[in-house]
């Protein structure tokens with residue numbers, strides 16, 4: 001990580017650049033969502049719009065994490081900690097799949113036909 | 001005591017300790033917000049009503065995104081300044097960061113206030129209208145009148161209340177809620193009525209105690225004697241329960257003695273307390289008291305306080321009112337008409353949505369019929385525009401490549417209303433946090449609507465009560481807002497109370513600011529997802 005005063009001084013330009021990129025991406029997100037001419041997929045909000053919106057958001061989040069939070073140049077301990085957080089965070093989101101364990105809608109997990 | 005590894009790195013982790021600490025914390029935060037985002041996805045996928053996509057005013061959210069990204073840049077510059085030992089520069093950048101946090105919260109406040117002041121009503125046929133409730137008053141005869149004009153008298157109330165002409169009030173002694181009682185007393189005072197106790201409240205705590213009179217018949221309702229009456233009632237009830245329990249114990253002892261070895265479940269039917277024999281040892285205990293309203297008068301209640309029917313009503317604290325429900329429509333200036341829910345229900349029932357909508361209660365009113373006609377024309381124009389620009393997919397069967405969304409088809413938003421009335425569509429800036437009823441040129445485009453009480457199936461401000469979208473919106477943005485406040489407090493501490501540490505050990509302060517900054521970036525990162533998800537999708 002940029003730790004010496006000289007390195008920090010140098011890195012400031014990068015921070016400004018990333019800030020500018022984040023601004024631009026925000027504007028792009030807005031335009032894609034509001035200007036009819038830039039509407040992707042069907043007219044109005046749909047899967048394509050959602051994918052683009054979330055991709056841009058993920059990209060922005062990635063830049064903030066990598067550059068502002070110095071994750072691009074960090075010690076191993078931190079990667080272990082944060083990946084644990086992300087894995088369990090994703091697990092939280094994937095919990096939704098348990099909704100499909102409803103025996104009436106979804107027969108995969110729990111087939112009444114096999115019960116004697 | 002010296003705190004270890006504040007500046008130097010630990011051998012095993014290669015880091016100073018607080019950095020490991022903040023990343024552990026951030027990992028837990030990722031899980032917390034992961035769970036909430038999961039909740040959002042779940043609510044959206046399984047919503048049984050049309051999800052209000054792209055309905056929030058975008059501008060406050062957009063500005064807040066810029067503000068947070070900007071503050072992320074400045075906080076990293078503040079840290080860099082400390083690394084280069086430039087105190088003044090640090091102060092400037094940290095100051096900007098905290099100012100950004102303040103701007104963010106102010107905008108959030110404006111947004112929330114607009115939501116809390118905005119009325120929504122779902123009617124019994126699933127038509128939805130949104131707008132601002134007008135004010136109303138009761139005249140000398142107790143009749144409901146809407147007030148038109150800018151000035152309201154003191155006794156005016158929002159025209160979304162229940163008015164109940166009351167001649168008798170029954171209060172539950174264990175459950176009555178003092179603020180409700182005070183409201184009853186105040187309203188009676190205002191209209192010159194009296195709420196008078198029907199029968200004297202008197203009794204004994206137990207048979208040996210002295211007879212105590214709490215209040216005489218004809219006394220005016222007061223919270224003080226209700227509390228005394230509650231105490232007397234609870235004591236008497238406790239005494240009676242004690243007597244009964246003792247008697248039951250005695251009977252069981254006798255039964256067991258007379259039938260040794262017999263299991264309890266066989267004995268149970270023979271062990272019966274003789275209530276008549278017990279009566280002399282009990283004291284009278286009544287949990288309710290009655291009051292007469294003289295002369296009978298209409299009381300005005302918030303809808304959330306009361307469940308009403310034609311001849312009686314019950315407040316949330318089990319206070320029962322008897323009398324007659326008055327004409328009390330919900331009157332509002334309508335700034336949006338939404339038939340999406342109705343269309344969804346019609347489709348589910350296998351009916352043609354457009355004809356169901358045309359037959360709805362709302363569209364029987366000429367003014368709204370006219371608006372709907374105008375709206376259908378504008379939808380038709382949009383349809384044609386989309387065909388012109390994107391062509392047909394299958395012209396023979398009339399399937400276009402692009403068609404209007406359900407929102408465009410079935411919802412008349414406030415900007416549409418203004419456009420239909422004035423021919424000009426308000427800009428993004430004019431509708432900053434939602435429709436403004438204060439601006440004359442907008443307000444005249446919003447027609448007044450009187451919805452009879454029995455047509456309303458749900459009415460609410462735009463709060464978690466209205467639907468699950470607003471529930472998760474307030475949960476996510478509220479929790480995020482708390483993070484902004486918490487982060488700003490920590491950063492402000494570095495700015496205002498850390499000069500001493502800077503002079504003593506600048507590297508330590510730089511590390512602290514880095515850790516605080518990491519949290520700040522995380523807050524920014526959450527908003528980067530919240531903005532598109534809540535405002536644009």
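The values are calculated or read from the model by the stated rules, or taken from the named source; none is laboratory data. As the structure is a prediction and not an experimental result, all values here were calculated from the model. Every residue, glycine among them, receives a Cβ derived from its backbone with ideal geometry; neighbour counts consider all protein chains shown.
Numbers for the structure displayed
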{"read-out": "Leading residue by the ranking (modelled with the lowest pLDDT) among those in the stretch A:34-45 that are more than 9 Å from chain B (Cβ to nearest Cβ) and part of a loop (DSSP other than H, G, I, E, B)", "value": "A:41"}
{"read-out": "When residues of the stretch B:396-412 are limited to those that are in a loop (DSSP other than H, G, I, E, B) and either assigned by TED's automatic domain parsing to the domain that holds residue B:108 or touching a helix residue (DSSP H, G or I) at 6+ places or on another chain (Cβ under 8 Å) (or both), the one farthest from residue B:362 (Cα to Cα)", "value": "B:401"}
{"read-out": "Residues being within 7 Å of chain A (Cβ to nearest Cβ) and either within 17 Å of residue B:26 (Cα to Cα) or touching a strand residue (DSSP E or B) at 6+ places or on another chain (Cβ under 9 Å) (or both) - total across the stretch B:518-537", "value": "6"}
{"read-out": "So residue B:104, is it within 30 Å of the chain's Cα centre (by Cα), at pLDDT 95 or above and at the interface with another protein chain (Cβ under 7 Å from one of its Cβ atoms)", "value": "no"}
{"read-out": "Some residue of the stretch B:65-84 being more than 10 Å from chain A (Cβ to nearest Cβ), in contact with a helix residue (DSSP H, G or I) (Cβ under 7 Å, 6 or more places away or on another chain) and not in a helix (DSSP H, G or I)", "value": "no"}
{"read-out": "Inter-residue pairs, beta-carbon under 6 Å, first in contact (Cβ under 8 Å) with a residue 60 or more places away in the chain and in the stretch B:217-233, second assigned to a helix (DSSP H, G or I) and surrounded by 14 or more Cβ atoms within 10 Å (Cβ to Cβ), 6+ apart", "value": "B:221/B:185"}
{"read-out": "The stretch A:53-99: number of residues that are farther than 17 Å from residue B:34 by Cβ and either outside any helix (DSSP H, G or I) or more than 9 Å from chain B (Cβ to nearest Cβ) (or both)", "value": "13"}
{"read-out": "Any helices (runs of 4 or more DSSP H) falling wholly within the stretch B:207-286 and containing at least 2 residues that are assigned by TED's automatic domain parsing to the domain that holds residue B:196 and under 46 Å from the mean Cα position of the chain (by Cα)", "value": "B:223-258"}
{"read-out": "Some residue of the stretch B:27-41 being more than 10 Å from chain A (Cβ to nearest Cβ) and either outside any helix (DSSP H, G or I) or at pLDDT below 90 (or both)", "value": "no"}
{"read-out": "Any chance residue B:435 is in contact with a strand residue (DSSP E or B) (Cβ under 9 Å, 6 or more places away or on another chain) and closer than 28 Å to residue B:62 by Cβ", "value": "yes"}
{"read-out": "Residue within the stretch B:497-509 that is in contact with a helix residue (DSSP H, G or I) (Cβ under 7 Å, 6 or more places away or on another chain), within 25 Å of residue A:59 (Cα to Cα) and within 14 Å of another protein chain (Cβ to nearest Cβ) present", "value": "no"}
{"read-out": "Long-range neighbours under 7 Å by Cβ, at least six apart or interchain, first residue under 12 Å from residue B:40 (Cβ atoms) within the stretch B:460-472, second in a helix (DSSP H, G or I)", "value": "B:468/B:43; B:472/B:39; B:472/B:40; B:472/B:43"}
{"read-out": "Qualifying residue in the stretch A:15-27 (condition: at pLDDT below 90, part of a helix (DSSP H, G or I) and more than 10 Å from every other protein chain (Cβ to nearest Cβ))", "value": "no"}
{"read-out": "Residue among B:421, B:438 that alone is within 20 Å of residue B:365 (Cα to Cα) and not in a strand (DSSP E or B)", "value": "B:421"}
{"read-out": "Any hit, the stretch B:288-304, residues being in a helix (DSSP H, G or I), at pLDDT below 95 and closer than 30 Å to residue B:456 by Cα", "value": "yes"}
{"read-out": "Residue tally, condition within 14 Å of another protein chain (Cβ to nearest Cβ) and either in contact (Cβ under 8 Å) with a residue 40 or more places away in the chain or in contact with a strand residue (DSSP E or B) (Cβ under 6 Å, 6 or more places away or on another chain) (or both), over the stretch B:393-412", "value": "9"}
{"read-out": "Close pairs from the stretch B:240-252: first farther than 18 Å from residue B:205 by Cα, partner part of a helix (DSSP H, G or I), Cβ under 8 Å, at least 6 apart", "value": "B:247/B:278; B:252/B:267"}
{"read-out": "Filter pass, residue B:319 being over 21 Å from residue B:158 (Cα atoms), crowded, with 19+ Cβ neighbours inside 10 Å and in the same structural domain as residue B:187 (by TED's automatic domain parsing)", "value": "yes"}
